[in-house]
Amino acid sequence: MGRRCLQELGKKGELSMSDYRSIAQLDLEDAEFCFANGRYRLAVFHFQQFAEKSAKALLEKKDPGHKQLKSHVVESILEAYDETHATSEIGDKARYLTGFYFNTRYPGDNYTKISEARAKRAKQFSADLDVYFKAELDALTIISNGTTLKIDSLPLLDLL
């Protein structure tokens, strides 16, 4: 579970969209490692971190500096990106993962023990969200001479 230092990815705590996504991918790798080794509490926390940072990559792409970039509530970040997520399946999956940010970190009244079944659900939701995140990030917006062009796939960039 090697991690690169955040200083390699961003300066003075300021992260770009690609940095958020790079760190999210590391969180996903850590989650998969923990899940495979029966460390379900850590796995679901890292699945949540993956979703949070991927959502921040989307929001930063759309609205750099948005106040929700400081949030840990995945569904709120996604709703800031696209308000239809408040009642969507994507929003529901984000909401499920958000619960693991708060309830798996510290002992106390809200501390949650995680079963294999709950971890499997978090893993599946993360995989579903990853498909969504990739599709959204691949739909790049390019500004050229004041005209916005929608590119549906990264390989098309070879044509530019």
(message) Of the conditions (1) loosely packed, with under 11 Cβ neighbours inside 10 Å; (2) in contact with a helix residue (DSSP H, G or I) (Cβ under 6 Å, 6 or more places away or on another chain); (3) not polar (S, T, N, Q), PRO64 satisfies every one except a single condition; which number is it?
(response) (2)
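So that you can scan it fast, the table gives a plain yes or no per residue for (1) modelled with pLDDT of 90 or more; (2) buried (at least 18 other Cβ atoms within 10 Å of the Cβ); (3) assigned to a loop (DSSP other than H, G, I, E, B):
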position	(1), (2), (3)
ALA86	no, no, no
ALA94	yes, yes, no
LEU97	yes, yes, no
PHE102	no, no, no
ARG121	yes, no, no
(message) What pairs come out if I take residues in the range 26-54 that are within 15 Å of PHE102 (Cβ to Cβ) and in contact (Cβ under 8 Å) with a residue 12 or more places away in the chain and pair them with residues that are among the small types (Gly, Ala, Ser) and not in a loop (DSSP other than H, G, I, E, B) whose C-beta lies under 7 Å away, six or more apart or interchain?
(response) VAL44/ALA119; VAL44/ALA122; HIS46/ALA31; PHE47/ALA31; PHE47/ALA122; PHE47/SER126; ALA51/ALA94; ALA51/SER126
(message) For the structure I just gave you, tell me whether PHE125 is assigned to a helix (DSSP H, G or I), over 20 Å from GLN25 (Cα atoms) and of a type in the set (Phe, Trp, Tyr).
(response) no
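Any idea how many residues of the range 112-134 are closer than 18 Å to LYS56 by Cα and among the hydrophobic types (A, V, I, L, M, F, W, C)? Spell out how you get there, then give the answer.
The first filter runs over the range 112-134 and keeps only residues closer than 18 Å to LYS56 by Cα, leaving 125-134.
Restricting the remaining residues to those that are among the hydrophobic types (A, V, I, L, M, F, W, C) gives 125, 127, 129, 131, 133.
Adding up the residues that qualify gives 5.
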(message) With the requirement that a residue be over 19 Å from LYS56 (Cβ atoms) and without any contact (Cβ under 8 Å) to a residue 40 or more places away in the chain, what does the range 93-111 give you?
(response) ASN103, TYR106, PRO107, GLY108, ASP109, ASN110, TYR111
(message) Here is a list: ALA135, ALA57, ALA117. Which entry is farther than 20 Å from ASP30 by Cβ, part of a helix (DSSP H, G or I), at pLDDT below 95 and out of contact with any Leu (no Cβ under 6 Å at 6 or more places or on another chain)?
(response) ALA135
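The values are calculated or read from the model by the stated rules, or taken from the named source; none is laboratory data. Quick caveat, the model's predicted, so the values are computed rather than measured. Backbone-built Cβ (ideal geometry, glycine too); neighbour counts: all protein chains shown.
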